[in-house]
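*Asks:* Just dropping this structure here.
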Amino acid sequence: MLRLAIQKSGRLSEDSLKLIRECGISFITSSLKLKTESTNFPLEILYLRDDDIPGYVADGVADIGIVGQNVLVEEGKQALTVEKLGFSKCRLSLAVPKSDQYESVQDLNGKNIATSYPNLLQAYLNEQGVEAHIHTISGSVEIAPSIGLAEAICDIVSSGSTLISNGLKEVERVFKSEAVLIANDTLSEEKRRILDKLLFRIQAVQRAQK
Ligand code: ATP
Ligand code: ZN
């Protein structure tokens, strides 16, 4: 039996479950349960917070998982990736107040930037040769400029409407993300065989959608 970790409730949940179902794998879901077993495939599904998924897969608590590249790379676990899944596409962007004069990323030198992704942001700033102060906060990043915590933010964007409603404008794209399938790198031969079967089905689903 292979253990798959997916997000319990959030922006990855619905498409993760849909993909598994499209692979012909049946299971019963209940919003109260933390795990469920498939009735027709050797798969057990664990429902977790997305941030916990890379660590659990790296430690072998789960064998495989579905998570956004933003969380995976932030945690330094990109080596676990086995397949891009094409959903939950979003980007990590820098944004500043709409009324600010902004010419280039060099304008951020010496500024305070609030983010939940300090590692991805630091890597980007290093690449650009910018020295800024990163303030790591776990949520509501987009209000940081209006409460005086930071002059800029670095946050996940898809349509950009959250930025606009907080009086911000997107100025740089830091990282592009989509959902990926990840796997523990020391799976038993039996688990590896189940994963190969699952991957074969995922690839067939993806081909059919093209
Ligand atoms: P959890 O409670 O599990 O920690 P969360 O609040 O951290 O959830 P979500 O907002 O549900 O996370 O986002 C989960 C993932 O979905 C993100 O890490 C990102 O990869 C992707 N994502 C985030 N925002 C969007 C968006 N607006 N459009 C598409 N995908 C997104
Ligand atoms: Zn999360």
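*Asks:* T39 to K89: FRET efficiency via 1/(1 + (r/R0)^6), r the Cβ-Cβ distance, R0 35 Å, to the nearest 0.05?
*Replies:* For R0 = 35 Å, the calculated efficiency reads 0.65.
*Asks:* Any chance you could give the angle, 0 to 90 degrees and rounded to 10, that helix 189-209 forms with the longest Cα principal axis of the chain?
*Replies:* With both axes taken from Cα atoms, the answer is about 70 degrees.
*Asks:* What ranking of F87, F41, F200 emerges when the number of other C-beta atoms within 10 Å of each C-beta is taken as an exposure proxy, fewest first?
*Replies:* The fewest-first ordering by Cβ neighbours comes to F200, F87, F41.
*Asks:* Using the structure shown, list the pairs from K33/K89; K84/K111; K8/K111; K77/K197; K98/K210; K169/K210 with a Cα-Cα distance above 31 Å, or answer none.
*Replies:* Working: K33/K89 27 Å; K84/K111 35 Å; K8/K111 36 Å; K77/K197 24 Å; K98/K210 38 Å; K169/K210 33 Å.
The answer is K84/K111; K8/K111; K98/K210; K169/K210.
*Asks:* Right, next: Where the centre of each part is set by its Cα atoms, how far does the stretch 85-156 sit from the stretch 1-70, in angstrom?
*Replies:* Spelled out, the Cα-based centre of one part sits 31 Å from the other.
*Asks:* Residue separation times 0.36 nm, minus the C-alpha to C-alpha distance between S188 and E127: what's the value? The partial results should precede the final answer.
*Replies:* Working: separation 61, 0.36 × 61 = 21.96 nm, distance 3.90 nm.
Full extension of this stretch gives 18.1 nm more.
*Asks:* Roughly how many nanometres apart are two label points built 7 Å out from the Cα toward the Cβ at F200 and S104?
*Replies:* Once both label points are built, they end up 5.3 nm from each other.
*Asks:* Helix-derived [θ] at 222 nm for the chain: sum -39500 (n - 2.57) over DSSP H runs of at least 4, divide by residue count, nearest 500?
*Replies:* Estimated from H runs of four or more residues: -8500 deg cm²/dmol.
*Asks:* With Kirkwood's inverse mean 1/r over C-alpha pairs for Rh, give me the Rg to Rh ratio of the chain, two decimals please.
*Replies:* With Rh from the inverse mean 1/r over Cα pairs, Rg/Rh is 1.04.
*Asks:* Computed over the Cα atoms, what is the radius of gyration of the stretch 3-54 divided by 2.2 N^0.38 Å, N being its residue count?
*Replies:* 1.04
*Asks:* Moving to a separate point now. Could you work out the relative contact order of the stretch 90-176? I mean the mean sequence separation of Cα pairs under 8 Å and 6+ apart, divided by the number of residues, in percent.
*Replies:* Details: 167 pairs, mean separation 42.7, N = 87.
Reported as a whole number, the value is 49 percent.
*Asks:* Compute the Kirkwood hydrodynamic radius of the stretch 90-176, taking the inverse of the mean of 1/r over all pairs of distinct Cα atoms, and give it in Å to one decimal.
*Replies:* About 12.5 Å, per the Kirkwood formula over Cα pairs.
*Asks:* If we count other beta carbons within 10 Å of each Cβ, what is the order of D107, D196, D155, D52, fewest first?
*Replies:* The fewest-first ordering by Cβ neighbours comes to D196, D107, D52, D155.
*Asks:* When a footprinting reagent is the concern and you count Cβ atoms within 10 Å, what order do K210, K111, K33 take, fewest first?
*Replies:* Exposure proxy ranking, most exposed first: K210, K33, K111.
The numbers here are math on the coordinates, done by the rules we state, and not lab data. Computed from a predicted model, the values in this text were never measured in an experiment. A quick note on method: Cβ atoms are made from the backbone with ideal geometry, for glycine too, and the neighbour counts reach across all protein chains shown.
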